[in-house]
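Data block below; observations after.
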Amino acid sequence: MTASCDFCAYNEYDEEDEAFYCSVNMDEDDMARFLQSGRRECPYYRNGDEYAVVRHQM
């Protein structure tokens, strides 16, 4: 299952541009690794299910 970047944990809305942007603080090395990996899904995906951690611990 591919995670949508619409649910990125660092997604922030810019009112001037009326668009969402990922505000992850990456250095050049991190960005190069991400671009070379060929990933199609957002590595910062957030499930949105607040109880997933609790169910995992049970």
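Here are some notes:
- Leading residue by the ranking (modelled with the lowest pLDDT) among those in region 6-18 that are open to solvent by 80 Å² or more (accessible area, probe 1.4 Å) and outside any loop (DSSP other than H, G, I, E, B): 6
Conditions tested, residue by residue: (1) touching a Leu at 6+ places or on another chain (Cβ under 6 Å); (2) open to solvent by less than 80 Å² (accessible area, probe 1.4 Å); (3) modelled with pLDDT under 80; (4) not in a strand (DSSP E or B).
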position	(1), (2), (3), (4)
2	no, no, yes, yes
20	no, no, no, no
25	no, no, no, yes
30	no, yes, no, yes
33	no, no, no, yes
39	no, no, yes, yes
42	no, yes, yes, yes
56	no, no, yes, yes
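The values are calculated or read from the model by the stated rules, or taken from the named source; none is laboratory data. Treat the numbers as computed from the prediction; the structure is a model and nothing was measured. A quick note on method: Cβ atoms are made from the backbone with ideal geometry, for glycine too, and the neighbour counts reach across all protein chains shown. Just so you know, the surface numbers come from the protein's heavy atoms only, side chains and all, with ligands and any DNA or RNA stripped out. Shrake-Rupley method; radii C 1.70, N 1.55, O 1.52, S 1.80 Å.
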